[in-house]
Amino acid sequence: MNPIYIYRLVRLFFVVGIVALSTATLYYTASVTYPFIIALVIAFLINPLVDFFEKKARMPRALAVILSLILIIGVFVGLITLLVAEIVSGANYLANVVPRHLETLIDYMEQFIGTQILPMYHKFSALFNNLDAGQQDTIMSNIESVGKKIATTVGAFIQNFFHNIPVIIGWFPNVATVLIFSLLATFFISKDWYRLKGFAGRIAPSKVKESISKIFADLKRALFGFIKAQLTLISITTIIVLIGLLVLRVDYAITIALVAGFVDILPYLGTGAVFVPWIIYEAVTGDMNIAIGLGVLYIVVLVQRQIMEPKILSSSIGLDPLATLISLFVGFKLIGFLGLIAGPVTLVIINTLQRSNVFKDLWNFIMGKKEEL
């Protein structure tokens, strides 16, 4: 074999090995240091606010970090408090209204059973009695088999549910620990941000430092763009739902619109978690005007979400709409809800590496050209 091809093959295996080893090391390191990775991300995000307090208000860096964290936590807690207050207000309203609607639903079910189910039961009972013994035994055995499968499935679900309760309870101390370590690490990282940045710049080669700077700049733009895009989509959904509910003269339209906007971030379910049960209930209780109005409103929300999401995400994070849509779907399929964030972020990293000529440099290294890493 030509020695040139052997050298290229060796370089290829070397690059693949380095990438695989780096990925495995990063994965293992992240699994045990994720609170500090979270802290690094938070420090990266709040750094503009810290710089503002430090330079404009002439605060010490440590005080600027503390004030920034308090401000962000306060805003977050305030938004949650407002949302909870709206939900509690709506819950009080539902507590007064639901019993009346439940009575209506029970009356409807009683009438449905009396006029539809019982006649069908008598009809099938007469047909069953006309069958021979073998056919009756076959039907009964199939019914028993289906009943056993249902009972087994329900029993397994209940068993798994109660087995997972200790796991869920044990999850809270871990969350509290991670939160405390992340906040402390955020303070120290943000306080020494520029010292740590300078240290990393001194030990990194100029080519690597240039590529990493571009990657961080694009990731920052993409991350803020993703958050902006999601807030835009949620706001659009909330406004559309609010306008629709006001047109339909639904009580507590603001509370319902806020809840619908909040659940809109859920994959697959989205606003359907609110609208589908509501539409079914209104149809069952006979209020077809509201049911049809809610159905039209749900379709409008669903269509605008499917149309606007790829466009808003692509314009906010600077990616092709089709590539963004593919990354969202693949990310969700691979790792679930977090994949909706990880997918576009991974696409941004790949796009940034390509623009930074990292792939070109790797190819030159493999081919043995002069422009090596």
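For the charge dipole of the chain, defined by +1 on Lys and Arg C-beta atoms and -1 on Asp and Glu C-beta atoms about the Cα centroid, which residue among ILE4, LEU179, LEU313 has the Cα displaced farthest towards the positive pole? Working it through, the farthest residue towards the positive pole turns out to be ILE4.
Fully extending the segment from THR346 to TYR7 would add 118.9 nm, taking 0.36 nm per residue of separation and subtracting the current Cα-Cα distance.
Scanning the chain for DSSP H helices at least 30 Å long along the axis (C-alpha atoms) with a Kyte-Doolittle mean no lower than -0.5 picks out 3-55, 61-112, 133-191, 206-247, 288-317. At full extension, ILE80 and VAL154 could sit 23.1 nm farther apart than now, given 0.36 nm per residue minus the alpha carbon distance.
Starting from the Cα gyration tensor of region 1-96, take the square roots of the eigenvalues, sort them a ≥ b ≥ c, and report rounded, prolate or oblate (rounded when a/c is under 1.5, otherwise prolate if a/b is larger than b/c, else oblate). It would help to have the intermediate numbers written out before the result.
Values: a/c = 4.54, a/b = 1.95, b/c = 2.33.
Oblate is the answer for region 1-96, as a/c is 1.5 or above yet b/c matches or exceeds a/b.
Length gained on full extension, ILE227 to PHE14, computed as 0.36 nm times the residue gap minus the Cα-Cα distance: 72.9 nm.
Please give me the summed charge of the neighbours of LYS191: other residues whose Cβ is under 14 Å from its Cβ, Lys and Arg +1, Asp and Glu -1. Its environment carries a net charge of 0. In this rough spin-label picture, where each label sits 7 Å from Cα along the Cβ direction, the ALA24-SER206 distance is 3.5 nm. Hey, of (1) 17, 42, 28, 11, 1; (2) 27, 48, 20, 4, 0; (3) 25, 49, 24, 2, which did the structure itself give for P(r) over Cα pairs in 20 Å bins from 0, in percent when calculated? Calculated P(r) over Cα pairs in 20 Å bins from 0, in percent: the matching label is (1).
With all protein chains present and a 1.4 Å probe, how do LEU12, LEU334 order by accessible area, largest first? Could you put the intermediate results ahead of the total?
Details: LEU12 70, LEU334 140 Å².
Per-residue accessible area, sorted high to low, gives LEU334, LEU12.
The values are calculated or read from the model by the stated rules, or taken from the named source; none is laboratory data. All figures in this text were calculated on a predicted structure; none of them were measured in a lab. Cβ coordinates were reconstructed from backbone atoms using ideal geometry, including for glycine residues, and neighbour counts include every protein chain displayed. Ligands, DNA and RNA are stripped out before the accessible areas are found, and what is left, the full protein with its side chains, is counted by its heavy atoms. Shrake-Rupley method; radii C 1.70, N 1.55, O 1.52, S 1.80 Å.
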